Amino acid sequence: MPPANALEIRLDMDEYALIDHAERALLGVHAKELPRHVAHPWDDVSIIWQPDGTANVCVKMWQAMVPPFPHAVAVYKLAFSDGLVTAIEGVERQSFGA
């Protein structure tokens with residue numbers, strides 16, 4: 001079960017809101033605990049570790065689970081130091097009919 005302040009994002013959030021919420025939910029979280037701090041179904045989340053010590057976290061947000069499946073994707077770039085999330089370096093949001 002994720003903690004109460006886990007990252008949970010909505011379709012109505014713009015990039016500023018997405019970053020603000022991620023900073024409150026993920027800063028200081030250890031890399032091995034990161035999956036517990038994202039409050040979305042794991043089918044909708046991907047964590048891609050990069051050789052430069054960063055990670056890209058992709059979260060799919062669904063408006064409807066029936067065709068044409070309107071949804072959006074938020075991709076966060078996280079920076080780490082000593083295994084802890086130290087910064088949200090950026091976020092990109094792309095909408096697919098939502």
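The values are calculated or read from the model by the stated rules, or taken from the named source; none is laboratory data. Keep in mind it's a predicted model, so treat the numbers as computed, not measured. Glycine also receives a Cβ, built like all others from the backbone with ideal geometry; neighbour counts cover every protein chain displayed.
Here are the numbers for the structure shown:
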item	result
Restricting the range 55-85 to residues that are of a type in the set (Val, Ile, Thr) and surrounded by 14 or more Cβ atoms within 10 Å (Cβ to Cβ), the residue that is farthest from Glu8 (Cα to Cα)	Val85
Tabulated pairs, the range 11-26, first at pLDDT 95 or above, second surrounded by 12 or more Cβ atoms within 10 Å (Cβ to Cβ) and part of a helix (DSSP H, G or I), C-beta under 7 angstrom, 6+ apart or interchain	Ala25/His37; Leu26/His37
Residue selected from the range 62-89 under the condition touching a helix residue (DSSP H, G or I) at 6+ places or on another chain (Cβ under 8 Å) and touching a residue at least 60 places away in the same chain (Cβ under 8 Å), by the criterion farthest from Pro41 (Cα to Cα)	Ile88
Members of the range 27-39 that are touching a His at 6+ places or on another chain (Cβ under 8 Å) and free of Cβ contacts under 8 Å to residues at least 12 places away in the same chain	none
Residue, surrounded by the most Cβ atoms within 10 Å (Cβ to Cβ), within the range 6-35, restricted to residues that are more than 17 Å from Thr86 (Cα to Cα) and more than 10 Å from the chain's Cα centre (by Cα)	Met13
Selection from the range 19-50 of residues that are within 12 Å of Lys77 (Cα to Cα), in a helix (DSSP H, G or I) and of a type in the set (A, V, I, L, M)	Ile19, Ala22, Leu26
Subset tally (residues that are among the polar types (S, T, N, Q), in a loop (DSSP other than H, G, I, E, B) and farther than 11 Å from Val85 by Cβ) for the range 51-65	1
